[in-house]
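Right, one structure below, let's go through it.
The values are calculated or read from the model by the stated rules, or taken from the named source; none is laboratory data. None of the values given here were measured: they were computed from a predicted structure. Cβ atoms come from the backbone with ideal geometry, glycine included; neighbour counts cover every protein chain shown. Heavy atoms of the whole protein, side chains included, go into the accessibility calculation; ligands, DNA and RNA do not. Shrake-Rupley method; radii C 1.70, N 1.55, O 1.52, S 1.80 Å.
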Amino acid sequence: MIDQTVTLGENVKIGEYVVLEENVMIGNNVEIGNHVIIKEGTIISDDVTIQDHAILGKPLTKFKHLARKPKKEVDVLLIGERAVIGSHAVLYRGSKLMDDVFVGDMASIRENVIVGEKSIIGRNAMVENNTTIGKGVTIQTSSYVTADMVIEDNVFIGPSFSSSNDKYMGMGNVELKGPTLKKGAKIGNNASLLPGITIGVKAVVGAGAVVTKDVTDGKTVVGNPAQVLEKK
Amino acid sequence: MIDQTVTLGENVKIGEYVVLEENVMIGNNVEIGNHVIIKEGTIISDDVTIQDHAILGKPLTKFKHLARKPKKEVDVLLIGERAVIGSHAVLYRGSKLMDDVFVGDMASIRENVIVGEKSIIGRNAMVENNTTIGKGVTIQTSSYVTADMVIEDNVFIGPSFSSSNDKYMGMGNVELKGPTLKKGAKIGNNASLLPGITIGVKAVVGAGAVVTKDVTDGKTVVGNPAQVLEKK
Amino acid sequence: MIDQTVTLGENVKIGEYVVLEENVMIGNNVEIGNHVIIKEGTIISDDVTIQDHAILGKPLTKFKHLARKPKKEVDVLLIGERAVIGSHAVLYRGSKLMDDVFVGDMASIRENVIVGEKSIIGRNAMVENNTTIGKGVTIQTSSYVTADMVIEDNVFIGPSFSSSNDKYMGMGNVELKGPTLKKGAKIGNNASLLPGITIGVKAVVGAGAVVTKDVTDGKTVVGNPAQVLEKK
């Protein structure tokens, strides 16, 4: 079902059983797979690939028992040029993916997220709302990126990474603050970061480390709780 | 494809490419997204929202090499009033979601699970069979809830949580027993619980902790293996 | 949409809104759910079950900023007899699933993977490219199996397992090498394995352990970093 208000560029390929809602705008040379759903107002730039079963521009769900209300007004979803959106991915309304972004199969990105140029969001990775991701960032498979995180340029995050933003675990009425990862930081697989901490420029967090406090620029931490690894 | 035996309430909205099988019953004011599949016999109460690509009432798969057979006879899937079921979610036949339950995108709940009122199952969270979840429980994104768990009221489970129910890891012929989380317990992100342990009332498990034995009511444990954190 | 070049065996059941591309070959007694997509050239043997929303035979995505190029030429996807492929699963072109393999809902397997007879890939588990999985292997829910792993016969991997293959975390131009799990090894839930290590025959890795070096045959390791557990 393609709504009559949809704008289609030149040379757009559209698969079977696709739903394109009102005011969707699609650039030139875009490929849309089968069973794709693109919600109202979404903007897709030139040369984008959207794979089978993906859902783009999902609006926030109204549910009165959810803890958080959106901080800012939510705009449409914008997908930059040459981006690839994987199969079964779910991208919310109100986020902005810059040019050359890659989103893996079954990944999901909530509202008010910015993903910088040439960044990669791995398969099955979940990115929460209000998080800012720089350029050239890699977030590997099945990682969990909490809300309100700042991930600077060229950060590398291994698979099965976990983060949190709520020091008091659901007590409510406290400020939520995700970790900050400074430029070029590297995080090993299955590491856990606690709320509000900062991982410094080019710092390294070992696989499986549980990081409870800030890590200075250039330092390497390992263990549970994570400790600075002294050079031998 | 809507089977002719389906019962539809008043003011039901149905998306594109939906499959409703035999004897599905749908209450008033229900919204069903695109590409949704609702299997035979499923009962959907009033004011429920079912988002795009969700699968409800999935029957158990016949596969002779799977270790476990279902303990009890499997009934239909029942969804309580005002529940929200996220995009790409998969809910099995034989479970019961009470009123005001929220199930995130890509989450899955196996058979014979009960989810109490106002509980939240986060995005990409996996809940195994025969687990009982109380009221007001939060299970965050990408958490893994093993089979045969008991999660009491108002428990909070952070993201990327992991649990297991098989002490002997696939040796077979042993009783499988998931952990028990007592009222108001809080579990940090990426914590691991071993089979059969109990986390006491209002006890706290720190992020990344590996809990190998019972935790007394009100105590906080951290580390690998988890140890009680003494107050300073 | 069923392409006219598709070969269908006897007694094949096909659901609603299915897409079967060119030269797909389907054996006898195969069941194909609703909204299933089977890509060009895929071969499905007799008595296979493919559940709703699954995607089979997905080709590699062309994206110039991805780090790795495929090592070998990629062939079609081959599914052995009596295999079950879960709902929302995504299987890539160029892999080979032997007879009696079970793939859970929302699981994904990349290209050039071999899965041996009677092995089980759990729900939401992610298996990367070029990995070899033996016979009778169990990989539980939400586990992450990195690229270039060797998993021998009868290995058991608990839920939320994590592994990595890149010692230098995205520095590029280094050989990537996943862990090797020897026959009958058992890995507890949420354990992390570092690149290139070997877990010996019938060795056991405890839940939540972070394994940084090889484990000798028959030994048990626990902790972060994992240490051999001496028998008391």
Residue-wise, which Karplus ³J(HN,Hα) couplings in Hz belong to the stretch C:78-95, taking 6.51 cos²θ - 1.76 cosθ + 1.60, θ = phi - 60°, and x for glycine or proline?
10, 10, x, 5, 6, 5, 10, 10, x, 5, 6, 5, 10, 10, 8, 4, x, 10
Copies of C:Val174 compared via label points 7 Å along Cα→Cβ give distances in nm, shortest first, of 3.7, 3.7
Can you give me the long-range amide H partners of A:His53? Hydrogens built in the peptide plane at 1.01 Å from N, cutoff under 5 Å, separation of 5 or more residues or another chain.
A:Asn34, A:His35, A:Val36, A:His88
Entries in A:Lys135/C:Lys167; B:Lys167/C:Lys182; A:Lys183/C:Lys213; A:Lys64/C:Lys186 that, when Cα-Cα distance is taken, lie over 32 Å:
A:Lys64/C:Lys186
At A:Asn29, label 7 Å along Cα→Cβ: distances to the other copies, nm, ascending?
5.0, 5.0
Give the long-range amide H neighbours of B:Ser163: residues separated by 5 or more places, or on another chain, with amide H under 5 Å away, using H modelled in the peptide plane at 1.01 Å from N.
B:Tyr144, B:Thr146, B:Leu193
Kindly write out, for the stretch C:192-205 in residue order, the coupling ³J(HN,Hα) from the Karplus curve 6.51 cos²θ - 1.76 cosθ + 1.60 (θ = phi - 60°), rounded to whole Hz, with x marking Gly and Pro.
10, 10, 7, x, x, 7, 10, 9, x, 4, 6, 6, 10, 10
Viscosity 0.890 mPa s, temperature 25 °C: give me the Stokes-Einstein translational D for the stretch B:7-112 in µm²/s, with Rh taken as the Kirkwood radius over C-alpha pairs.
180
Once label points are set 7 Å from the Cα along Cα→Cβ at both C:Val174 and B:Asn11, what is their separation, rounded to one decimal in nm?
6.1
Answer check: the stretch A:53-158, Cα atoms, Kirkwood Rh, Rg/Rh ratio of 0.94
Can you compute the equivalent ellipsoid semi-axes for the protein assembly as shown, i.e. the square root of 5 times each eigenvalue of the Cα gyration tensor, sorted largest first and rounded to whole Å?
34, 28, 28
Applied in sequence order to the stretch B:206-218, the curve 6.51 cos²θ - 1.76 cosθ + 1.60 (Karplus, θ = phi - 60°) yields integer Hz couplings, x standing for Gly and Pro, of x, 4, x, 5, 10, 9, 9, 8, 4, 10, 5, 3, x
Return the aspartates and glutamates within reach of A:Lys39: Cα separation strictly under 14 angstrom, same-chain partners fewer than 8 residues apart disregarded; answer none if there are no such residues.
A:Asp3, A:Glu21, A:Glu22, A:Asp75, A:Glu111, B:Glu16, B:Asp52
Estimated distance in nm for a label pair at C:Lys202 and A:Ile114, the labels positioned 7 Å out from Cα along Cα-to-Cβ:
5.8
Can you list, largest first and rounded to whole Å, the semi-axes you get for the stretch A:88-232 by taking the square root of 5 times each eigenvalue of its Cα gyration tensor?
23, 18, 13
One decimal, nm, nearest first: from C:Glu40 to the same residue in each other copy, label points 7 Å out along Cα→Cβ, the values are 3.8, 3.8
Within the protein assembly as shown, what whole-number % of the accessible surface is contributed by carbon and sulfur, with the 1.4 Å probe and all protein chains included in the calculation?
48
Express in Å², to the nearest 10, the accessible area of C:Met1 obtained by rolling a 1.4 Å probe over the protein heavy atoms while all chains stay in place.
80
